[in-house]
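All remarks here apply to the structure that follows.
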Amino acid sequence: MPVSLENVLVIGISSRALFDLETEEAIYQQQGLPGYRRHHLANENTELKPGAGFALVRALLNLNALTPERRLVEVVIMSRNSSETSLRIFNSIQHYNLDITRAALTGGAALAPYLKAFNISLFLSLHEQDVIAAADSGVAAAQLYQKPDQVPEPTIIEPGQIRIAFDGDAVIFSDESERIYQAQGIEAFERHERDNANNPLAAGPFAPVLKALAFIQANFSSGTDQSPIRTALVTARASPAHERVIRTLRAWNVQIDETFFMGGVEKSAVLAAFQPHMFFDDQHGHCQRAAPLVQTGRVPGPV
């Protein structure tokens, strides 16, 4: 009987986002496909180092061990590699004992047409054009920044807990209000949010991901047990624009564990304190400042 990927959080991740393939990328740029192929074949039994999305993927896959009666998360490798040059990727997956069995290896062809075929909920890559194409096809997608050179010791994170932080407008919520701010300024933005405080914001590209995480959280007891997932909203909004956010999440029946209305204050210090496995934001400036401290993914958008 065919396996269904419905009602599962399916992560599609490029091989370069899962593993550190920067040396191989440089070889491809300098020597082309023949040099790239020779290098992979010569090193296919040498495991790759973890890449920008490795920690998040491993943590999410570990959720399945907590619910042996059903799988909550699946991961699919989405790569432009051919099957011939992919053995090193699969050997590395086995080396790190990652529970990944599915892959789409397109041999240089575009990845976006295959995302819906695998029911991908979230696509992660280091290649901007692949991320833009995924977003254009209606899939939540983010371009990952390289891993921070030095990650602080996890003094706050509970062992085994997954922490994910999101920006608000143009990420969890639509960019409607953001466009008003960009075009008309802060006063028009605040007036618009006050006037529409009781009207839920439209869903943004990452709303389905947040709702899927909330659904997974509901699978675990809410008593004294520590939830395996903790979410945070880190937004530049402040009063009076806070009320619409709160009412929107309430309308969606989604609870964010920690919420930070920054009011224009730089987000990096709060993110460093929260210590997420991944932070998603649509603004390049916010991402640049956060990336040296926490793993960061930029969400493409029209703004």
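The values are calculated or read from the model by the stated rules, or taken from the named source; none is laboratory data. In this text, all values refer to a predicted model and were calculated from it rather than measured experimentally. FYI the Cβ positions are ideal-geometry reconstructions off the backbone, even for glycines, and counts take in every protein chain you see.
Couple of notes before you dig in:
- For region 113-132, the criterion of a residue being over 18 Å from G160 (Cα atoms) and more than 20 Å from the chain's Cα centre (by Cα) is satisfied by no position.
- Flag if R237 is touching a residue at least 60 places away in the same chain (Cβ under 8 Å), over 15 Å from A140 (Cβ atoms) and either acidic (D, E) or not in a helix (DSSP H, G or I) (or both): yes
- Residues in region 121-149 that are among the charged types (D, E, K, R) and crowded, with 16+ Cβ neighbours inside 10 Å: D130, K147.
- With respect to the conditions (1) modelled with pLDDT of 95 or more; (2) surrounded by fewer than 19 Cβ atoms within 10 Å (Cβ to Cβ); (3) charged (D, E, K, R), E153 falls short on a single one, namely (1).
- Flag if N64 is closer than 27 Å to V8 by Cβ and either assigned to a helix (DSSP H, G or I) or of a type in the set (K, R) (or both): yes
- Qualifying residue in region 268-282 (condition: among the polar types (S, T, N, Q), touching a residue at least 24 places away in the same chain (Cβ under 8 Å) and in contact with a helix residue (DSSP H, G or I) (Cβ under 6 Å, 6 or more places away or on another chain)): yes
Quick grid of which residues meet (1) within 24 Å of the chain's Cα centre (by Cα); (2) in contact (Cβ under 8 Å) with a residue 12 or more places away in the chain; (3) in a helix (DSSP H, G or I):
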| position | (1), (2), (3) |
| --- | --- |
| A26 | no, no, yes |
| Y36 | no, yes, yes |
| L41 | no, yes, yes |
| A52 | yes, yes, no |
| A55 | yes, yes, yes |
| E69 | no, no, no |
| I77 | yes, yes, no |
| Q94 | yes, no, yes |
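- Qualifying residue in region 291-301 (condition: modelled with pLDDT under 90 and under 19 Å from the mean Cα position of the chain (by Cα)): yes
- Top-ranked residue in region 233-259 [being more than 15 Å from F173 (Cβ to Cβ) and under 23 Å from the mean Cα position of the chain (by Cα); ranked as surrounded by the fewest Cβ atoms within 10 Å (Cβ to Cβ)]: N253
- Pairs where the first residue, in region 106-120, is touching a residue at least 40 places away in the same chain (Cβ under 8 Å) and the second is among the polar types (S, T, N, Q), C-beta under 7 Å, 6+ apart: L115/S137
- Residue check: G223 meets all listed conditions (1) assigned to a loop (DSSP other than H, G, I, E, B); (2) at pLDDT 90 or above but one, namely (2).
- Within region 278-293, considering residues that are touching a Leu at 6+ places or on another chain (Cβ under 8 Å) and surrounded by 22 or more Cβ atoms within 10 Å (Cβ to Cβ), the one farthest from G160 (Cα to Cα): A290
One line per residue, one yes/no per condition, for (1) at pLDDT 85 or above; (2) under 14 Å from I100 (Cα atoms); (3) not basic (K, R):
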residue	(1), (2), (3)
M1	no, no, yes
L5	no, yes, yes
A17	yes, no, yes
E24	no, no, yes
G35	no, no, yes
H40	no, no, yes
R70	yes, no, no
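- Single residue of A104, A141, A109 found to be hydrophobic (A, V, I, L, M, F, W, C), more than 14 Å from R16 (Cα to Cα) and touching a helix residue (DSSP H, G or I) at 6+ places or on another chain (Cβ under 7 Å): A141
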